[in-house]
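**Student:** Here it is, the structure, as structure tokens.
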Amino acid sequence: MKKIRVLTMVLALAGAQAYATVLPNDAAQPLVQEGSVLAAQGKYQDALNKFSAAMKVDPAASMPLSHIAHTLLMASLHASGDNAAKLRQQSEGAARQALGLDAQDPLAQEVLRLLLDDKESSLHVPTPEAWKLTQEGEVLYQGNKLEEARAKYEQAAKLDPQYSSVLVYIGDTFYVQKNMPEAEAWFRKAAVLEPLNGQAWRFLSDALLQQGKRAAAETALLSGIAAQPSQGPSWDKLAALRAANGFPLTALKMTRKARVGMDPATGKFTLHLNDTSSPPAERKGPDVSVWLTLAMKEADIRRKNREDKVADQSFAIELESWQGAMTVADELAADGAGEVTDPNLKTMRMLAKAGQLETALMLLQYKESWRPEFEAWKREHPDGIRKFVDAYGLRP
């Protein structure tokens, strides 16, 4: 897993009102800064102590918790076995706590995304030498020594010309200094070098927006979504821009109420209905039938793949399972058994009827294992993301 950039730039994001509740108060902020320096130095326990102290000083702020989540995740990369699993579990808990305080905390969103996704991103992995210089730059950056940090980043970029993220870090130093044209130039270099770097596009959008270039800022955000549809901050920023223009986006917030489990020893599949959010009397009818169909279709496909010794194709399984579930929803409605009532199912059924099921899954439920299919979809639909957002006003 790659390093997650801990950004003090969060404090100065374009459209900062959307992130206002992330910020700690004046008493907690220095503790977060000290913890960030320690984390950049790899002193994880000392960093956790600082973040925990900040959390006690300002329990309403999400930032100390999201930094705890990030630090635990980084520590897990240096652990093994049960210890690594425990650290990842603790990281997830802290990230969810942070998002409970502020659903738009960008660091907590990214930590949770990395924990829950089924495959690493395909971004360039820096050479050890470039990585070491970048870490040294991080320590300087967190200590607000921007010129010295930039020099380290520039050395890393020369050592590894394919390392797009370090170009983002160079641009970040200019952004903090409010030199937006220079920040824009570096963010754009990073995005051009590695178009799948969603952070580069997102920061480019920030710099453009700071210069009043709203249309270009939105285009950059759409490119960021095209790079990595599961990065929440890109959608948050797009939603803020759209809302400011009178076209708000609605979050799908999918809660899957049936899942498939498999015993690795026997290969036997089991179905689990986990609709605990509704009263028992409501855990029946069309909704339950559709959710169970979704899980059963997945189990059937995976079982057949095992029998035929065919590798599972993650997106193909997801799409075929949803197609089967939507067919059942239509049949139940036609037979007079009733319409689905779950908002998620109603939205997905509407999209299926409009021929948008594939697109909806790609954009609203994206997993990195779907990358080959997503890249093929983008080639076939070069403006597909903008058209989908314009037509349906939906986001994850």
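The values are calculated or read from the model by the stated rules, or taken from the named source; none is laboratory data. These numbers come from a predicted model, not from an experiment. No Cβ is skipped: glycine too gets one built from the backbone with ideal geometry, and neighbour counts run over all protein chains shown. Side chains included, ligands, DNA and RNA excluded: accessible areas come from the protein's heavy atoms. Shrake-Rupley method; radii C 1.70, N 1.55, O 1.52, S 1.80 Å.
**Student:** Please name all residue pairs, on different chains or six or more residues apart, with Cβ atoms under 6 Å, provided the first residue is in region 25-53 and is within 12 Å of His67 (Cα to Cα) and the second residue is open to solvent by less than 30 Å² (accessible area, probe 1.4 Å) and outside any helix (DSSP H, G or I).
**Tutor:** Within 6 Å, the pairs are Val32/Pro24; Ser36/Val6.
**Student:** Determine if region 231-251 includes at least one residue that is without any contact (Cβ under 8 Å) to a residue 60 or more places away in the chain, part of a loop (DSSP other than H, G, I, E, B) and either under 21 Å from Arg188 (Cβ atoms) or among the aromatic types (Phe, Trp, Tyr) (or both).
**Tutor:** No.
**Student:** Would you mind stating whether Leu273 is under 24 Å from Ala360 (Cβ atoms), of a type in the set (A, V, I, L, M, F, W, C) and open to solvent by 40 Å² or more (accessible area, probe 1.4 Å)?
**Tutor:** Answer is yes for this residue.
**Student:** Is there any pair with a first residue in region 60-80 that is over 18 Å from Leu116 (Cβ atoms) and without any contact (Cβ under 8 Å) to a residue 60 or more places away in the chain and a second that is among the polar types (S, T, N, Q) and surrounded by fewer than 21 Cβ atoms within 10 Å (Cβ to Cβ) whose Cβ atoms are under 8 Å apart and which are 6 or more apart or on different chains, and what are they?
**Tutor:** Close Cβ pairs satisfying both conditions: Ala60/Thr21; Ala61/Thr21; Ala61/Asn25; Ser62/Thr21; Pro64/Ser52.
**Student:** Within region 105-146, how many residues turn out to be over 25 Å from Gln228 (Cβ atoms) and of a type in the set (Lys, Arg)?
**Tutor:** Of the residues in that region, 2 qualify.
**Student:** Scan region 242-256 and give yes if some residue there is of a type in the set (Val, Ile, Thr) and either within 28 Å of the chain's Cα centre (by Cα) or on the phi > 0 side of the Ramachandran plot (or both), otherwise no.
**Tutor:** yes
**Student:** Can you report the number of residues in region 207-216 which are surrounded by fewer than 24 Cβ atoms within 10 Å (Cβ to Cβ) and in contact with a Phe, Trp or Tyr (Cβ under 9 Å, 6 or more places away or on another chain)?
**Tutor:** Residues flagged as surrounded by fewer than 24 Cβ atoms within 10 Å (Cβ to Cβ) and in contact with a Phe, Trp or Tyr (Cβ under 9 Å, 6 or more places away or on another chain) within region 207-216 amount to 1.
**Student:** Glu182: free of Cβ contacts under 8 Å to residues at least 12 places away in the same chain and farther than 30 Å from Leu361 by Cβ, yes or no?
**Tutor:** Criteria met by Glu182.
**Student:** In region 51-63, which residues are open to solvent by 40 Å² or more (accessible area, probe 1.4 Å) and more than 26 Å from the chain's Cα centre (by Cα)?
**Tutor:** Once the filter is applied, which keeps residues that are open to solvent by 40 Å² or more (accessible area, probe 1.4 Å) and more than 26 Å from the chain's Cα centre (by Cα), region 51-63 yields Lys56, Val57.
**Student:** What is the residue count in region 73-84 for residues that are open to solvent by 20 Å² or more (accessible area, probe 1.4 Å), out of contact with any Phe, Trp or Tyr (no Cβ under 8 Å at 6 or more places or on another chain) and closer than 17 Å to Arg96 by Cα?
**Tutor:** Summing the residues that are open to solvent by 20 Å² or more (accessible area, probe 1.4 Å), out of contact with any Phe, Trp or Tyr (no Cβ under 8 Å at 6 or more places or on another chain) and closer than 17 Å to Arg96 by Cα in region 73-84 gives 0.
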